[in-house]
Amino acid sequence: MDIHAVSSQIDLDIQQVDSFEALEEFRLRYLGRKGILAELTSVIPSLSKEERAVFGQQVNALKNKLLSLVEDKQKSFSVSPEKRRRTSSDLGMPGLAQELGHLHPLTQITDEICAIFSRMGFTIVEGPEIETEYNNFTGLNIPLEHPSREAFDTFYLKEKTEGGKQKTEKLLLRSHTSPVQVRVMKKHKPPLAIVVPGRVYRPDAVDASHSFMFHQIEGFMVGKDIKFSDLKGILAMFAKAVFGEEIKMRFRPHFFPFTEPSAEVDISCIICKGQGCSVCGRKGWLEILGSGMIHPNVFKQVGIDTKQYTGFAFGMGVERIAMLKYGINDIRLFFENDLRFLRQF
Ligand code: PHE
């Protein structure tokens, strides 16, 4: 191979190189492991001593030439940082809008309600959404034959078997936040003042006021000499903080297996101020929560001495409170992720 011919071929080839890819191809062709330079080097051992000295020098010079050609080309392709700065930003261009998100309205109202109770000395606790049948029902004095235990009112989970044997604990998606009462009272001794926000599940057909998943906030207080009047006072403070000072409240007798006596709590209709309208069904009142004095059977289940302690509990639906507060007429709006709805909060 004539080394001078190779050298002039290099001069021609480098002129054709007009991109990084072409340069890489050029580099491999000449300087690669099986490239032309390697080929030239491989003949050196077969030459005579004198030839070897001259040819070796020529090959070396060729190598240096190639290296500097590749380096120069590479530099010519790279844009200097200064030039890049000059070309890549146009100070006259409108900026990229940074869209800030915000908390979901249900998270906002949950935080707001928890803060109200927290200011009154309640501690915020959470519990699991997968519960045992015991915590969701038995521990709360809900008897085996109670309709809410039916499969069409509660989502039961497939029973796990262990070594062919059925595990004793039935699991379900909790249908209310009340099982956290059982969890907390089994572990901690009174005095207790707890609020529990969280998701709950019921196999209801979805419509404007029902969803198979929704949110509740449970509250309970246990101590010496806790009375129904304490429940009333706490809930009146809560209702005024959420709905305004002029809101009125009433307690209607009701039944819950885990409270006795029990009451449902209504607030005066925020639309018609109690005159009667289509929102309150002409009654002037809107139901917002269930409540009562904790049933002695619940205390027995969790091992709290009924001679020493009494307590109250309440549970409210977060969607319902938010719908009333903001005048929202369809629960599905909370879960459809329609930004036109969510951006209003
Ligand atoms: N757990 C009840 C429900 O989901 C609400 C409630 C809680 C009632 C605590 C009384 C006391 O309907």
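Observations on the model:
- Reported count of residues in the range 296-311, each being in contact with a helix residue (DSSP H, G or I) (Cβ under 8 Å, 6 or more places away or on another chain) and surrounded by fewer than 23 Cβ atoms within 10 Å (Cβ to Cβ), is 8.
- Note on the range 241-268: among residues that are touching a Phe, Trp or Tyr at 6+ places or on another chain (Cβ under 9 Å) and charged (D, E, K, R), the one that is least open to solvent (accessible area, probe 1.4 Å) is D266.
- In the range 205-247, the residues that are part of a strand (DSSP E or B) and within 16 Å of the ligand (Cβ to nearest atom): H210, M213, F214, H215, Q216, I217, E218, G219, F220, M221, V222
- Filtered by the rule that a residue be of a type outside the set (S, T, N, Q) and either at pLDDT below 95 or exposed (fewer than 14 other Cβ atoms within 10 Å of the Cβ) (or both), the range 213-240 gives K224, D225, K227, G233.
- Scanning the range 269-295 for residues that are in a loop (DSSP other than H, G, I, E, B), open to solvent by 60 Å² or more (accessible area, probe 1.4 Å) and within 16 Å of the ligand (Cβ to nearest atom) yields a total of 0.
The values are calculated or read from the model by the stated rules, or taken from the named source; none is laboratory data. Since we're looking at a predicted model, the values are computed, not measured. No Cβ is skipped: glycine too gets one built from the backbone with ideal geometry, and neighbour counts run over all protein chains shown. Side chains included, ligands, DNA and RNA excluded: accessible areas come from the protein's heavy atoms. Shrake-Rupley method; radii C 1.70, N 1.55, O 1.52, S 1.80 Å.
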